[in-house]
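The values are calculated or read from the model by the stated rules, or taken from the named source; none is laboratory data. The model shown is predicted, which means the values in this text are computed figures rather than measured ones. Quick reminder, even Gly has a Cβ in these numbers, built from the backbone with ideal geometry, and neighbours come from all protein chains shown.
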Amino acid sequence: MKRLDRRALFASGAAAAVLAATGISAAPKRGGRLRAALSGAARTDSWADPASGLFMRVAGQGILFDTLTEIAADGTLRSELARSWTSDAAGRNWVFELRDDVIFHDGQPLRSEDVVASIGRRGGFERIETLQDGRVAIALRAGDPNLPFRLGGPDHVIQPADESRRDLGVGTGLYRLRQFNPGQHLLVERVDNHYKGDAAGWFDMVELVSVPAEDVRVQALNEHLVDTADVRDRPRMLPRADFHCLPDDNDPAQILSKDVGLPARIGQHWPLDNYRMAERWWFS
């Protein structure tokens, strides 16, 4: 096969290269609980569709689940669960080689069958199947050189093939589930001995609270009840000077406390640092 895309190694010898790519010169200090007030939750939320709204997308991407690839803050593509990928010249037939050191939160290893089941549920492929040696083959109806980028999106998080495990919110992400009340609340804790090591995920715990009203989310920030919140319209009353507005003060999409440390660049392909705030931010 002709290689259409780069061979991307997330942990190829080293966290230093990863940290440099995010604008961080040294691993931030670990600790604390990140509290976020978010919109987009519903009482019908479930792990059967972790991309149903903003709340679940944040809960999924970069917290409980991983994807085959990751779109970095600067828009470049990195590996995540896939160690490498190749395609034919037309970009129609792809092979993804999976990492061999990934463990689900319940102790079970990641298998190619989990990837096939997760991606296959979304449809849109001519064929997806397991190969030997931890590889997955994907055949498209038409060539698409951007497939690795698409597979880094929140619609393609990887979950266990077994439905009973999937319903429990079991993933391979940096944080494991402690409490989940659909449409209301999520609490997770950092996984020890994760395959990403100390190169990401510096909070000990992350808590998401559903707050539908934007003025209430802003009030919660002002009262320091939460550390960050999403905003859709410019708030009538912005928080005090001890907060960041991202991407900028004139057109904020999220607001966060200046107690939160940020990398040099923030992903803007999707909200909240490409939904990966829990993975990329820290307390300064």
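When the range 54-73 is limited to residues that are at pLDDT 95 or above and in a loop (DSSP other than H, G, I, E, B), the one that is farthest from the chain's Cα centre (by Cα) turns out to be L68.
Just one of the numbered conditions (1) surrounded by fewer than 21 Cβ atoms within 10 Å (Cβ to Cβ); (2) under 27 Å from F149 (Cβ atoms) is not true of W281: (1).
On the stretch given as the range 26-57, residues that are of a type in the set (A, V, I, L, M), within 26 Å of K196 (Cα to Cα) and in contact with a Lys or Arg (Cβ under 9 Å, 6 or more places away or on another chain) total 2. Among the conditions (1) within 20 Å of L64 (Cα to Cα); (2) not in a loop (DSSP other than H, G, I, E, B), the only one that P160 does not satisfy is (2).
Scanning the range 185-215 for residues that are over 30 Å from V102 (Cα atoms), surrounded by fewer than 21 Cβ atoms within 10 Å (Cβ to Cβ) and in contact (Cβ under 8 Å) with a residue 60 or more places away in the chain yields P212, E214.
For (1) more than 24 Å from A48 (Cα to Cα); (2) of a type in the set (S, T, N, Q); (3) part of a loop (DSSP other than H, G, I, E, B), each residue gets a yes or a no:
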residue	(1), (2), (3)
G75	yes, no, yes
A89	yes, no, yes
V95	yes, no, no
H105	no, no, yes
A117	no, no, no
F125	no, no, yes
T130	no, yes, no
D133	yes, no, yes
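Considering only residues that are closer than 19 Å to G32 by Cα, at pLDDT 90 or above and crowded, with 16+ Cβ neighbours inside 10 Å, which ones fall in the range 222-246? Matches in the range 222-246: V226, D227, T228, A229. When the range 257-267 is filtered for residues that are surrounded by fewer than 17 Cβ atoms within 10 Å (Cβ to Cβ), touching a residue at least 60 places away in the same chain (Cβ under 8 Å) and under 12 Å from L246 (Cβ atoms), only R265 remains. Residues in the range 55-72 that are farther than 16 Å from I119 by Cβ and either touching a Ser or Thr at 6+ places or on another chain (Cβ under 6 Å) or aromatic (F, W, Y) (or both): F55 only.
Based on this model, can you work out whether S84 counts as of a type in the set (S, T, Y), outside any strand (DSSP E or B), within 22 Å of the chain's Cα centre (by Cα) and farther than 20 Å from V191 by Cα?
Taking the combined requirement at face value, the residue does not satisfy it.
Okay, residues lined up against (1) surrounded by fewer than 24 Cβ atoms within 10 Å (Cβ to Cβ); (2) aliphatic (A, V, I, L, M); (3) touching a helix residue (DSSP H, G or I) at 6+ places or on another chain (Cβ under 8 Å); (4) in contact (Cβ under 8 Å) with a residue 12 or more places away in the chain:
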{"residue": "Q61", "(1), (2), (3), (4)": "no, no, yes, yes"}
{"residue": "L64", "(1), (2), (3), (4)": "no, yes, no, yes"}
{"residue": "G75", "(1), (2), (3), (4)": "yes, no, no, yes"}
{"residue": "R78", "(1), (2), (3), (4)": "yes, no, yes, yes"}
{"residue": "R83", "(1), (2), (3), (4)": "yes, no, no, yes"}
{"residue": "G91", "(1), (2), (3), (4)": "yes, no, yes, yes"}
{"residue": "I103", "(1), (2), (3), (4)": "yes, yes, no, yes"}
{"residue": "D106", "(1), (2), (3), (4)": "yes, no, yes, yes"}
{"residue": "L110", "(1), (2), (3), (4)": "yes, yes, no, yes"}
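Is it the case, given these coordinates, that R150 is out of contact with any Leu (no Cβ under 7 Å at 6 or more places or on another chain), closer than 20 Å to V191 by Cα and not β-branched (V, I, T)? Criteria not met by R150.
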